[in-house]
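The values are calculated or read from the model by the stated rules, or taken from the named source; none is laboratory data. Nothing here was measured: the structure is a model prediction, and the numbers come from that model. Positions of Cβ are backbone-derived with ideal geometry, glycine not excepted, and every protein chain shown enters the neighbour counts.
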Amino acid sequence: MNIILMGLPGAGKGTQAEKIVEDFEIVHISTGDMFRQAMADKTKVGLDAKSYIDKGELVPDEVTESIVEERLGKDDVQNSGYMLDGFPRTIDQANALQTIAKNVNKPIGGVIYIDVKPEVLVERLSGRYICKNCGATYHKVYNPTKVEGTCDVCGGHEFYQREDDKPETVKNRLKVNIEMNTPLIDFYDKLNLLHKINGEQEIDDVYKEVKKVLQSL
Ligand code: AP5
Ligand code: ZN
């Protein structure tokens, strides 16, 4: 199975991806996670990406497309298929993906669009916190850890907030992504690949709908 998870920043792509990998054998590929890893490792890609990410801008298409191309060429993707999270975000990237998917012989089977109104997203992003040890994502109000201060997944006790979840950056991230959103939705709608899901429900209810779609692919 090869799928794309789409949605504005904070719509719940990462949260749903964590659930999907528990039920389906699929490789989770988040361009945002790849950039954050590259920034932590201080690689050239990471240093270049940082100047855009810190401002809430998109990293240039050529850079993003080339890391995705390299990742989709790996053996684990050949064996299990891919779940792209946060890519594509521009029409240029969507066109590039058509070519990459063809070259690696892994055509896109479906696109899940998690639909959430922009007004809801600021609160989601400002309340997000992440386990330092395993990367599990939580929310102060909507999805806290079961035991306060302890990660449900790994038992870790240290958490952090993402740099780009600061209010000023969030505003620009939303603006930039909203502009790109409609043309991308149309792109996949025309290819008959789009599945829109109401993302303004409880996390488990969103997942029920996501799972139903995935089982139908
Ligand atoms: P990236 O890391 O992809 O960030 P994003 O798209 O802004 O998405 P997020 O990770 O912020 O949100 P999400 O949808 O995963 O939400 P989550 O599940 O955490 O990208 C970061 C940056 O990298 C970009 O700004 C850009 O600069 C660069 N970049 C990445 N890809 C690129 C590309 N293709 N091209 C160019 N540049 C690129 O949920 C959010 C919060 O809400 C959590 O706290 C969660 O617990 C909570 N929550 C989730 N679901 C629900 C629910 N149903 N109800 C209530 N709360 C919920
Ligand atoms: Zn953890």
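A quick yes/no check of all residues on (1) within 8 Å of ligand 1 (Cβ to nearest atom); (2) over 27 Å from GLU179 (Cα atoms); (3) of a type in the set (Ser, Thr, Tyr):
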{"site": "GLU22", "(1), (2), (3)": "no, yes, no"}
{"site": "ILE26", "(1), (2), (3)": "no, yes, no"}
{"site": "LEU47", "(1), (2), (3)": "no, no, no"}
{"site": "TYR52", "(1), (2), (3)": "yes, no, yes"}
{"site": "VAL59", "(1), (2), (3)": "yes, no, no"}
{"site": "GLU62", "(1), (2), (3)": "no, no, no"}
{"site": "ALA94", "(1), (2), (3)": "no, no, no"}
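Do we have any residue at all in the stretch 122-135 that's more than 8 Å from ligand 1 (Cβ to nearest atom), within 13 Å of GLY10 (Cβ to Cβ) and among the hydroxyl-bearing types (Ser, Thr, Tyr)? Yes, there is a match, as at least one residue in the stretch 122-135 is more than 8 Å from ligand 1 (Cβ to nearest atom), within 13 Å of GLY10 (Cβ to Cβ) and among the hydroxyl-bearing types (Ser, Thr, Tyr). If you filter the stretch 11-36 down to residues that are without any contact (Cβ under 8 Å) to a residue 40 or more places away in the chain and more than 16 Å from ligand 2 (Cβ to nearest atom), you find that the one that is surrounded by the most Cβ atoms within 10 Å (Cβ to Cβ) is PHE35.
Hey, any hits in the stretch 151-167 for a residue that's touching a residue at least 40 places away in the same chain (Cβ under 8 Å), in contact with a Pro (Cβ under 8 Å, 6 or more places away or on another chain), within 9 Å of ligand 1 (Cβ to nearest atom) and farther than 17 Å from TYR113 by Cβ? Within the stretch 151-167, none of the residues are touching a residue at least 40 places away in the same chain (Cβ under 8 Å), in contact with a Pro (Cβ under 8 Å, 6 or more places away or on another chain), within 9 Å of ligand 1 (Cβ to nearest atom) and farther than 17 Å from TYR113 by Cβ.
A count restricted to the stretch 127-150 and to residues that are in contact (Cβ under 8 Å) with a residue 40 or more places away in the chain and within 22 Å of ALA40 (Cα to Cα) stands at 4. Could you go through the stretch 106-118 and let me know if any residue there is within 19 Å of the chain's Cα centre (by Cα), away from ligand 1 (no atom under 11 Å from the Cβ) and modelled with pLDDT under 95. The answer is yes, given that some residue of the stretch 106-118 is within 19 Å of the chain's Cα centre (by Cα), away from ligand 1 (no atom under 11 Å from the Cβ) and modelled with pLDDT under 95.
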